[in-house]
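Encoded as structure tokens, the structure appears first; notes follow it.
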Amino acid sequence: MMCTHRHHERSLKHCSKISPARLALPLLAILFFTGCGREEQAEAWLEDGERLPGGEATNTLLFGRNAFIRPAENITPEHEPMFYSGNSFFNQAWVEAPASTRNRDGLGPNFNARSCAACHPRDGRGRPPESEEEPFLGLLLRLSIPGENAHGGPKPVEGYGDQLQPFGILGVPAEANPSVTYKEIEGTYGDGTPYTLLEPVYTLNDPAYGDFPDDMMVSPRIAPQVIGLGLLEAIPEDRLEALEDPEDRDGDGISGRINRVWDIRAGEHRPGRFGWKGDQPTVEQQVAGAFLGDIGITSPLIASGECEGPQVACAESLEAQHANTEDAAERLEIQDGNFERVVLYTSLLAVPARRNLEDPAVRQGKQLFLDAGCDGCHTPSHRTSADASLEETRDQKIWPYTDLLLHDMGEALADGRPVHDASSREWRTPPLWGLGLVDAVNDHTRLLHDGRARGFAEAILWHGGEAEASREAFRAMDAREREALIAFLESL
């Protein structure tokens, strides 16, 4: 939630003019309204296409626990079998090599999870551990030391790389044992209602390869829901450039900017769109990075996973896995075709249709969202490129509520770890679509980059920097207004 108010035209639709295609939603959606008069009243505050945030790719069939598992509804016959094949590789666990399941082996030697779905259950959102004893799963820790790597990114830590991996296969020690505790921070709304925030404190115990450097920087990352990624990739680059305002020339207090990061495939720096600091430029690179960093699986895009300096057991394990494999392509732990299927799968997971649009609080909440200036960074809508690589994502009006830009979120959310152009205090604006269904899908409401917020209100209250004015506008609202704004967010 952030920043300055932008005016939006309202598309007023009369019942007699509503497109049949727009009404062709499943019974659940149709039951929102019982007659033309009620539908016209509820539609009057919606902008054109807002009901279907993913355009023609929107999921209108499943809600509740299965809200995030559907493919784009406009998926082509060519892509549909690839999607479901990719789904199997996303959800099934990888095992240690060598194994009889050749297409599923190569886990580790060190890792964070055994499958993509372990961190993104039901294609949804991870959460932080609820106790010091609970293992880290769905929350990982990025590591670096001052300086830059060859492409301007974070400099890895000798012996540990750029991500802590708290698990190892048989004979390979975990890199360390992380834990998290919380400090309570008390505050008060403008009407006197008290609230409590949780500030995480991370500890790394039992380092396996020597003490961590004193200047090591540690930044937590929660696994977000995996929906709408192909649509975000299809937003034209010139659209992102038009939204940039690094010098705040319009004086609105908002200075979003692109994080230009190294694109392995292109061999140049390109706009970062994915990751909490916008540190990945494409879905393909995001998937390849997660395979290697989280599961220890090499891919056609990132073909090597070196064991760091003193990790002797790790190196010996890798050598044993590949002792009888000479061909470089055969040494890849996920082969080209299967890798492409996982990339397509994660690109075409559908965004759910909007819900509860008949609720007056949702309508009021949208206006409060705009009045508080939250749309200054959470840009409501975009038009995707007409020549996007995937047919399903081309020329769609989408409503992700993000500008995909970096913004200063204040010292309270600073992680002390720069990433390419992103400073310690800067974070990419996360999309808001689907957040209202996280509780139904994943049985929790932990939000922000490290899951510290226990719901929308706490997430807003952590906002600072460029979002301070929006946070204070929310804090000054009375209880009914706060509930209305949250009802709007839950409808996204």
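The values are calculated or read from the model by the stated rules, or taken from the named source; none is laboratory data. Predicted, not measured: the structure shown is a model, and the values here were computed from it. Neighbour counts are summed over all protein chains in view; Cβ atoms, including those assigned to glycine, are modelled from backbone coordinates with ideal geometry. For accessibility, only protein heavy atoms count, side chains too; no ligands or nucleic acids. Shrake-Rupley method; radii C 1.70, N 1.55, O 1.52, S 1.80 Å.
Among the residues of segment 86-137, those that are more than 20 Å from residue 350 (Cα to Cα), open to solvent by 50 Å² or more (accessible area, probe 1.4 Å), among the basic types (Lys, Arg) and touching a helix residue (DSSP H, G or I) at 6+ places or on another chain (Cβ under 9 Å) comprise 114, 127. Condition check: in contact (Cβ under 8 Å) with a residue 24 or more places away in the chain and among the hydroxyl-bearing types (Ser, Thr, Tyr). Does residue 100 satisfy that? No: the conditions fail for residue 100.
Only residues that are modelled with pLDDT of 95 or more, open to solvent by 40 Å² or more (accessible area, probe 1.4 Å) and in a loop (DSSP other than H, G, I, E, B) were counted in segment 245-264, giving 1.
Of the residues making up segment 280-293, those that are open to solvent by less than 30 Å² (accessible area, probe 1.4 Å) and either on the phi > 0 side of the Ramachandran plot or in contact with a strand residue (DSSP E or B) (Cβ under 8 Å, 6 or more places away or on another chain) (or both) are 281, 282, 283, 285, 289, 293. Residue 80: at pLDDT 90 or above, touching a Pro at 6+ places or on another chain (Cβ under 8 Å) and part of a helix (DSSP H, G or I), yes or no? Spelling it out, residue 80 is indeed at pLDDT 90 or above, touching a Pro at 6+ places or on another chain (Cβ under 8 Å) and part of a helix (DSSP H, G or I).
Scanning segment 308-325 for residues that are at pLDDT below 75 and either crowded, with 21+ Cβ neighbours inside 10 Å or of a type outside the set (A, V, I, L, M, F, W, C) (or both) gives 308, 309, 316, 317, 318, 319, 321, 322, 324, 325. Before we move on, is residue 114 under 30 Å from residue 260 (Cα atoms), assigned to a loop (DSSP other than H, G, I, E, B) and of a type outside the set (Gly, Ala, Ser)? Criteria not met by residue 114. Applying the condition of being open to solvent by less than 40 Å² (accessible area, probe 1.4 Å) and of a type in the set (Val, Ile, Thr) to segment 436-492 and asking which residue is farthest from residue 66 (Cα to Cα) yields 460. Given the criteria among the basic types (Lys, Arg), under 24 Å from residue 107 (Cβ atoms) and in contact (Cβ under 8 Å) with a residue 40 or more places away in the chain, does residue 221 qualify? Criteria met by residue 221.
Yes/no matrix, rows are residues, columns are (1) under 23 Å from the mean Cα position of the chain (by Cα); (2) closer than 20 Å to residue 424 by Cβ; (3) free of Cβ contacts under 8 Å to residues at least 60 places away in the same chain:
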residue	(1), (2), (3)
126	yes, no, no
132	no, no, yes
135	yes, no, yes
138	yes, no, no
145	no, yes, no
153	yes, yes, no
159	no, no, no
166	yes, no, yes
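Name the single residue that is farthest from residue 386 (Cα to Cα) among those in segment 230-241 being in a helix (DSSP H, G or I) and open to solvent by less than 30 Å² (accessible area, probe 1.4 Å). Steps first, answer last, please.
To start, the set of residues in segment 230-241 that are in a helix (DSSP H, G or I) comprises 230-233, 237-241.
Those left that are additionally open to solvent by less than 30 Å² (accessible area, probe 1.4 Å): 230-232, 240.
Working: 230: 13, 231: 12, 232: 13, 240: 16 Å.
Applying the filter and picking the extreme gives 240.
Total residues in segment 265-279 satisfying the condition of being part of a loop (DSSP other than H, G, I, E, B), open to solvent by 10 Å² or more (accessible area, probe 1.4 Å) and touching a Pro at 6+ places or on another chain (Cβ under 8 Å): the figure is 3. Can you find even one residue in segment 83-92 that is closer than 17 Å to residue 227 by Cα, of a type in the set (S, T, N, Q), in contact (Cβ under 8 Å) with a residue 60 or more places away in the chain and not in a helix (DSSP H, G or I)? The answer is no; no qualifying residue exists.
Scanning segment 60-77 for residues that are more than 13 Å from residue 344 (Cα to Cα) and not in a loop (DSSP other than H, G, I, E, B), we see that the one that is most open to solvent (accessible area, probe 1.4 Å) is 65. Residue pairs whose Cβ atoms lie under 8 Å apart, sitting 6 or more positions apart in sequence or on different chains, and linking a residue in segment 235-255 that is more than 18 Å from residue 271 (Cβ to Cβ) to a partner that is open to solvent by 60 Å² or more (accessible area, probe 1.4 Å), are 253/469.
Residue-wise test of (1) within 24 Å of residue 228 (Cα to Cα); (2) open to solvent by 10 Å² or more (accessible area, probe 1.4 Å); (3) in contact with a Pro (Cβ under 9 Å, 6 or more places away or on another chain).
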| site | (1), (2), (3) |
| --- | --- |
| 362 | yes, no, no |
| 375 | yes, no, no |
| 383 | yes, yes, yes |
| 389 | yes, yes, no |
| 399 | yes, no, yes |
| 412 | no, yes, no |
| 416 | no, yes, no |
| 420 | no, yes, yes |
| 425 | no, yes, no |
